[in-house]
1. Dipole magnitude of the chain about its Cα centre, charges +1 at Lys/Arg Cβ and -1 at Asp/Glu Cβ only, in debye to the nearest 20?
2. Taking 25 Å as R0, compute the FRET efficiency from the Cβ-Cβ separation of Tyr24 and Ile151 and round it to 0.05.
3. Evaluate E = 1/(1 + (r/R0)^6) for Glu128 and Ser63, where r is the Cβ-Cβ distance and R0 equals 25 Å; express this FRET efficiency to the nearest 0.05.
4. Please compute the length gained on full extension between Asp94 and Asp161, using 0.36 nm multiplied by the number of residues separating them and subtracting their Cα-Cα distance.
5. Hey, in the GNM for the chain with a 10 angstrom Cα cutoff, which one of Asn153, Asn136, Asn120 fluctuates hardest?
6. When a/c is below 1.5 the answer is rounded, else prolate if a/b is larger than b/c, else oblate, so apply that to the chain with a ≥ b ≥ c taken from the square roots of the Cα gyration tensor eigenvalues.
7. For Val68, which sequence-distant residues (separation of 5 or more, or a different chain) have an amide H within less than 5 Å of its own amide H, given hydrogens modelled in the peptide plane?
8. Compute the FRET efficiency between Ile171 and Val137 as 1/(1 + (r/R0)^6), taking r as their Cβ-Cβ distance and R0 = 25 Å, and round to the nearest 0.05.
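Quick note: the coordinates plus some simple rules give every number you see, no bench work behind them. Predicted, not measured: the structure shown is a model, and the values here were computed from it. So basically every Cβ, Gly included, is an ideal-geometry build from the backbone, and we count neighbours across all protein chains shown.
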Amino acid sequence: MLKRNITIFIILAILIVFPLISYYYLSEGTNYRKTALSELKDSIKINQFSLTTSNSIILNNDSLLNKVVLFSLVNHYNESEKSNLENLYNKFKDRTDFCLVSIQNESNKLNIKSEPNGANFYSILKSETEIDSLSNVWVKSNSPAIFVVDIKNNIRKTYKDHSLESFKDVIKHIAILLPMTPNPKATLNRDKEK
């Protein structure tokens, strides 16, 4: 009798409890994504621009199309802000469809060790007034900001500071905006499956 009760309990757990737990986690993930997407609801087309990096690379709307771009406009980085930006860059540095553009004051340069080809980190040195002017043109704010631009050159979200809480939101929003990379087709390696 005890064996039968244990068997019935195991069958009920497999048929009812495990699917309910799976449904709960699936709905939580869906709700997380929907909430993050709702935070990115508004978008503003970024104005035409052309910026020259410290490596003499010209960045413009066309060169950054099909990439999620994080612009960081800062007059003065403190050490925690530099650390936060480096950590963020390291999370996405292997993605070819992401880049970080740091527009900063000449006297306070952010040095991130980027890939040898410099494909996803760009440093642009500007004066404080030029940074304020860019911030005012792009995000309609006189204060420097961080903002995320999607693959179609739309500003999707702005952040007013470089705090750790802001960077947690930035990481979440970039992950939502980056296109999913398809998994390669499975290859069959055994002789009888070829």
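1. 1060
2. That pair, Tyr24 with Ile151, gives E of 0.15.
3. On the way: r = 26 Å, r/R0 = 1.03.
Given R0 = 25 Å and the Cβ-Cβ separation, E is 0.45.
4. 21.6 nm
5. Asn136
6. Numbers: a/c = 2.74, a/b = 2.04, b/c = 1.35.
Prolate, since a/c reaches 1.5 and a/b exceeds b/c.
7. Here the answer is Phe98, Cys99, since their amide H atoms fall under 5 Å of that of Val68.
8. On the way: r = 26 Å, r/R0 = 1.05.
For Ile171 and Val137, the calculated efficiency is 0.45.
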